[in-house]
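The values are calculated or read from the model by the stated rules, or taken from the named source; none is laboratory data. Everything numeric in this text was worked out from a predicted model, so none of it was measured. All Cβ positions, even for glycine, are placed from backbone atoms using ideal geometry, and neighbour counts span all protein chains on display.
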Amino acid sequence: MEKTTDSSLTFTKTWIAFPTLFWHGEAKPAADPEGIRKLLLMLDQPLWAVALPYGVGLAAGGEILPAGAGGLPVLAYAPPLLPQQFGSPAFCAAYGTRYALYGGAMANAISSEDMVIALAKAGMLGSFGAAGLSPQRLEAAIQRIQAALPEGNYAFNLINSPSQPSLEQRAAELYLQYGIHTVEASAYVDITTSLVHYRAAGLEQLPDGEILPRNRIIAKLSRKEVARRFMEPAPPDILQTLLADGRITPQQAKLAQYVPMADDITVEADSGGHTDNRPLVGLLPTMLALRDEIQAKRSYRVPVRVGAGGGIGAPASALAAFMMGAAYVVTGSVNHACIESGASEHTRSLLAQADMADVIMAPSADMFEMGVKVQVLKRGTLFPMRAAKLYELYTRYDSVEQIPPAEREKLEKQIFKRSLEEIWLETEKFFSQRDPDQIERANANPKYKMALIFRWYLGLSSRWSVSGEKGREMDYQIWCGPAMGIFNEWVHNTYLAQVHNRRVVDVNLHILTGAAYLFRLRMLQAQGLAFPSSLEMYYPQEPLI
């Protein structure tokens with residue numbers, strides 16, 4: 001083996017080398033780090049490692065000659081690889097995209113109209129963050145996105161709402177009304193009537209017998225038992241209920257027995273928001289094996305695709321997911337800090353400073369009573385600690401009246417900054433317009449009333465983060481996963497370190513471009529080539545848009 005230095009290529013002779021092939025081309029092979037980097041980034045050109053009189057070089061293009069025909073001996077080879085070659089072509093065909101990547105939904109329109117439109121126009125899929133919005137706000141978003149994207153290459157989030165099922169139902173009805181053909185289903189632990197209604201109402205049978213699912217579902221989940229439910233057909237009892245209510249046709253009820261509930265499963269690993277903090281390297285192979293098991297049993301014409309989300313914050317993360325078999329990758333936290341995000345400038349600035357360890361689990365607003373938690377940013381905000389205190393009090397007492405006076409005073413001064421009576425009046429007013437059943441339930445159950453009061457803070461804290469509420473900065477609930485810290489570490493010496501430079505398309509293109517760069521570098525390394533350490537990583541040098 002030749003001695004390795006940090007400024008030159010070296011080669012360890014292996015069985016993979018091409019001793020009988022020779023390269024010839026007009027361009028001079030590069031042996032210096034900057035020249036090699038430029039060649040590695042010529043993603044549409046084949047690369048050849050060649051033996052030079054003074055060492056090893058890298059060459060692009062040219063032609064390959066047989067032994068004895070002149071030229072330079074070939075030592076290793078890497079084929080062209082463009083970012084759009086990653087993942088499943090079927091995914092791209094289904095959603096009308098160029099790249100097997102989509103920007104996942106973040107509630108309260110953090111995944112904004114601007115973000116969805118920008119991603120779509122660049123050949124990527126974006127999912128609008130519909131969770132937490134009123135039906136009126138959601139309808140306005142639908143109208144704006146449809147006007148900007150008549151081809152329909154976008155998705156809308158449909159979130160499980162066990163405490164307010166009417167909101168989930170209204171969102172599903174709006175999607176059917178406006179012809180939204182792709183939803184990203186998130187936070188589900190079971191299949192609901194609204195979800196089945198959306199899926200079954202879009203089923204058609206073509207003259208050749210093929211079943212066409214016009215309404216596609218991308219299910220974002222992290223549990224095997226939940227994945228199984230989405231990979232199987234719709235539950236028969238729910239289909240019968242919908243049929244009896246006249247919400248689907250007999251044919252649609254029949255067709256629903258032969259297609260899975262979801263077209264795609266996004267394996268959500270250690271992500272922002274709702275997450276089980278699972279490791280992607282273990283979770284993705286498990287879900288792929290489950291898909292294969294169900295496909296062998298069901299023989300779907302189009303197998304369920306399985307993609308990866310959570311922790312996709314740098315090129316190496318995306319490449320690892322694709323190499324494990326992901327049909328597509330999903331980004332979330334890294335988009336939160338982009339200028340198209342619905343988050344406030346203060347929130348985006350905090351995200352741009354986050355380290356990988358600056359995240360923590362905190363009680364969620366939508367499933368507070370169940371003890372469900374979401375992953376949030378802990379740097380620059382006291383929300384995680386204050387939310388945890390509210391859940392502790394909820395589990396300890398059966399009503400706000402039982403909370404000791406000293407504890408209650410702390411709540412009112414430090415967290416709510418108003419009396420609990422005032423908070424309840426505001427909560428009562430809110431639900432009287434949105435879901436009056438919640439008020440009736442609270443009046444009959446003091447503990448549930450306490451939960452609604454506490455959820456006032458949990459719900460508004462995320463909205464304060466979006467709107468940039470002055471005076472409430474230390475209460476901002478900022479959904480964030482470790483991918484944000486991974487991204488910040490990757491770009492800290494580049495132009496993307498500045499939050500005002502972060503555009504969602506540029507960020508995602510750099511992740512995919514870097515993955516292609518690393519793939520070719522790793523392929524050459526596997527054939528015995530050793531690169532200078534300065535080339536081991538891809539860094540964004542200039543905008544790609």
In this structure, is Met385 more than 20 Å from the chain's Cα centre (by Cα) and not in a loop (DSSP other than H, G, I, E, B)? yes
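Consider the stretch 152-192. How many of its residues are outside any helix (DSSP H, G or I) and of a type outside the set (Val, Ile, Thr)? Please lay out each step first, then the result.
As a first pass, look at the stretch 152-192 and keep what is outside any helix (DSSP H, G or I): 152-164, 178-192.
Filter once more, keeping what is of a type outside the set (Val, Ile, Thr): 152-158, 160-164, 178-179, 181, 184-188, 190.
Within the stretch 152-192, residues that are outside any helix (DSSP H, G or I) and of a type outside the set (Val, Ile, Thr) number 21.
So which residues in the stretch 499-540 are among the polar types (S, T, N, Q) and out of contact with any helix residue (DSSP H, G or I) (no Cβ under 8 Å at 6 or more places or on another chain)?
Going through the stretch 499-540, the residues among the polar types (S, T, N, Q) turn out to be 501, 508, 513, 525, 527, 533-534.
Across the stretch 499-540, the qualifying residues are Gln525, Gln527, Ser533.
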Breaking point among (1) more than 21 Å from Asn277 (Cβ to Cβ); (2) outside any helix (DSSP H, G or I); (3) not hydrophobic (A, V, I, L, M, F, W, C), for Tyr394: (2)
Given the conditions (1) touching a residue at least 12 places away in the same chain (Cβ under 8 Å); (2) in a loop (DSSP other than H, G, I, E, B), every one holds for Ala227 apart from (2)
Conditions (1) in a loop (DSSP other than H, G, I, E, B); (2) buried (at least 17 other Cβ atoms within 10 Å of the Cβ); (3) among the basic types (Lys, Arg): number failed by Lys470: (2)
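Among the listed residues Phe487, Phe519, which satisfies the condition of being in the same structural domain as Gly35 (by TED's automatic domain parsing) and either among the basic types (Lys, Arg) or touching a residue at least 60 places away in the same chain (Cβ under 8 Å) (or both)? Spell out the reasoning first.
Details: Phe487 fails: in the same structural domain as Gly35 (by TED's automatic domain parsing).
Result: Phe519 is the single residue among Phe487, Phe519 that is in the same structural domain as Gly35 (by TED's automatic domain parsing) and either among the basic types (Lys, Arg) or touching a residue at least 60 places away in the same chain (Cβ under 8 Å) (or both).
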Conditions (1) in contact (Cβ under 8 Å) with a residue 60 or more places away in the chain; (2) within 30 Å of Ser399 (Cα to Cα); (3) out of contact with any helix residue (DSSP H, G or I) (no Cβ under 7 Å at 6 or more places or on another chain); number of the one not met by Leu458: (3)
Mind telling me which of the residues Glu151, Glu139 ends up being farther than 20 Å from Tyr95 by Cβ and not small (Gly, Ala, Ser)? Glu139
Tell me which residues, restricted to the stretch 473-490, are outside any loop (DSSP other than H, G, I, E, B) and surrounded by 16 or more Cβ atoms within 10 Å (Cβ to Cβ). Glu473, Asp475, Trp479, Ala483, Met484, Gly485, Ile486, Phe487, Asn488, Trp490
In the stretch 422-455, which residue that is within 25 Å of Thr381 (Cβ to Cβ) and of a type in the set (Asp, Glu) is surrounded by the most Cβ atoms within 10 Å (Cβ to Cβ)? Glu426
Just checking, which of Gly126, Gly96, Gly103, Gly132 is surrounded by fewer than 18 Cβ atoms within 10 Å (Cβ to Cβ) and in the same structural domain as Met323 (by TED's automatic domain parsing)? Gly96
Go through (1) in contact with a Leu (Cβ under 7 Å, 6 or more places away or on another chain); (2) part of a loop (DSSP other than H, G, I, E, B); (3) not aromatic (Phe, Trp, Tyr) and name the single condition His510 misses. (2)
Whether any residue in the stretch 231-254 is of a type outside the set (Gly, Ala, Ser), under 21 Å from Leu319 (Cβ atoms) and assigned by TED's automatic domain parsing to the domain that holds Leu101 is what I want to check. no
From the options Gly132, Gly152, residue that is at pLDDT below 95 and closer than 26 Å to Leu255 by Cβ: Gly152
Considering the stretch 136-189 alone, what residues qualify as being surrounded by fewer than 20 Cβ atoms within 10 Å (Cβ to Cβ) and of a type in the set (Val, Ile, Thr)? Val189
If a residue must be closer than 16 Å to Val56 by Cβ and of a type in the set (Phe, Trp, Tyr), how many such residues does the stretch 505-533 contain? 1
Number of the condition not met by Ile248 [criteria: (1) at pLDDT 95 or above; (2) within 30 Å of Ala483 (Cβ to Cβ)]: (2)
Select from the stretch 53-83 the residues that are surrounded by fewer than 15 Cβ atoms within 10 Å (Cβ to Cβ) and not in a loop (DSSP other than H, G, I, E, B) and list them in ascending order. Gly55, Glu63, Pro66
Quick one: which residue in Tyr102, Tyr154, Tyr95, Tyr77 is touching a helix residue (DSSP H, G or I) at 6+ places or on another chain (Cβ under 6 Å) and of a type in the set (Ser, Thr, Tyr)? Tyr154
Does Ser419 satisfy being surrounded by fewer than 21 Cβ atoms within 10 Å (Cβ to Cβ), in contact (Cβ under 8 Å) with a residue 12 or more places away in the chain, touching a helix residue (DSSP H, G or I) at 6+ places or on another chain (Cβ under 7 Å) and of a type outside the set (Phe, Trp, Tyr)? no
Please determine whether any residue of the stretch 72-88 is within 29 Å of Ala343 (Cα to Cα) and modelled with pLDDT under 95. no
